[in-house]
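The values are calculated or read from the model by the stated rules, or taken from the named source; none is laboratory data. These numbers were taken from a predicted model, which means no experiment stands behind them. We place every Cβ from the backbone using ideal geometry, glycine too, and count neighbours over all the protein chains shown.
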Amino acid sequence: MISARLLCRTALVAGIGFALMAIDTKPASAQLFWDWGGGDTVGGSGRENVSFSPSYKKGEIVVSFGDRRLYFVTAPGQAISYPIAIPREQSRWAGVTSVTQKRVNPSWTPTPTMIAENPRLPRWVPGGHPMNPLGNRALYLGSSTYRIHGTDAPWTIGTAVSKGCIRMYNDDVADLYPRASVGAKVTVTWQRFGTSSFDGSAAADPAASKPRRSKGVRSSSAE
């Protein structure tokens, strides 16, 4: 016969176990086993107004994989700088392209390469779903499968994890989305730009120059 004391002890241990599980829960991601880099950030923004190379025109986008920043040019010599996640080493690319489409709450379908590397990925995630890897906005680049988009894994911003796309905080891509027009020029480069925020918190580099135009943008897979 099981004593009342033993039953109470068992219930207490079970309750503690469930409490610990709840405390240790981390944000979910459709690509959790694909690119998880640690951390538990669930939101954020790192955008700031900076001085920038006057070689670029208002409305252009410059993506610097070297800086791990995306720059939206607001006026000659000025830009909004956003932190991004960049492609992993084997998915690196560079070139000059343009924004060809814009989507609010885009759906996501993993490429065959992604599925081959991680069969546990869902085959499709609807737009607006909290585990959609494209987040809440997407800007499509040229005829490639590359995009500038939000994320369901904000803790990866600032790292090199993607399959070629440019990943942003959802708050930041929502800020960029109405600013960027379809047809806007997008320069993707590994060049690093010296910038200074309008409050002078970073050192400026007047030697920053415009990179040479690439012959084209090649794409094999996205995100």
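Residues in region 67-91 that are part of a loop (DSSP other than H, G, I, E, B) and under 15 Å from the mean Cα position of the chain (by Cα): D67, R68, I84, R88.
Among the residues making up region 109-143, those that are out of contact with any Gly (no Cβ under 8 Å at 6 or more places or on another chain), within 30 Å of Q191 (Cα to Cα) and either modelled with pLDDT of 95 or more or in a loop (DSSP other than H, G, I, E, B) (or both) are P110, T111, P133, L139, Y140, L141, G142, S143.
Does region 138-147 contain at least one residue that is of a type in the set (V, I, T) and closer than 21 Å to I80 by Cβ? Among the residues of region 138-147, not one is of a type in the set (V, I, T) and closer than 21 Å to I80 by Cβ, which makes the answer no. Number of residues in region 134-173 that are acidic (D, E) and within 15 Å of R68 (Cβ to Cβ) equals 1. Only a single criterion out of (1) closer than 20 Å to Y177 by Cα; (2) in contact (Cβ under 8 Å) with a residue 40 or more places away in the chain; (3) within 18 Å of the chain's Cα centre (by Cα) is not satisfied by N136, namely (2).
The set of residues in region 159-176 that are assigned to a loop (DSSP other than H, G, I, E, B) and either surrounded by fewer than 19 Cβ atoms within 10 Å (Cβ to Cβ) or in contact with a helix residue (DSSP H, G or I) (Cβ under 8 Å, 6 or more places away or on another chain) (or both) comprises T159, K163, G164, M168, Y169. No other residue among W124, W155 is within 22 Å of S45 (Cβ to Cβ) and of a type in the set (A, V, I, L, M, F, W, C) apart from W155.
Comparison of S201, S220, S162 shows that the only residue that is modelled with pLDDT under 95, closer than 24 Å to S51 by Cβ and not aromatic (F, W, Y) is S201. Only one of the numbered conditions (1) surrounded by fewer than 20 Cβ atoms within 10 Å (Cβ to Cβ); (2) assigned to a strand (DSSP E or B); (3) among the small types (G, A, S); (4) without any contact (Cβ under 8 Å) to a residue 60 or more places away in the chain is not met by S98, and that is (4). Applying a threshold of 8 Å to beta carbon distances and a minimum spacing of six or more residues, or different chains, the list of pairs starting in region 39-51 at a residue that is acidic (D, E) and surrounded by 15 or more Cβ atoms within 10 Å (Cβ to Cβ) and ending at one that is at pLDDT 95 or above and assigned to a strand (DSSP E or B) reads E48/I80; E48/S81.
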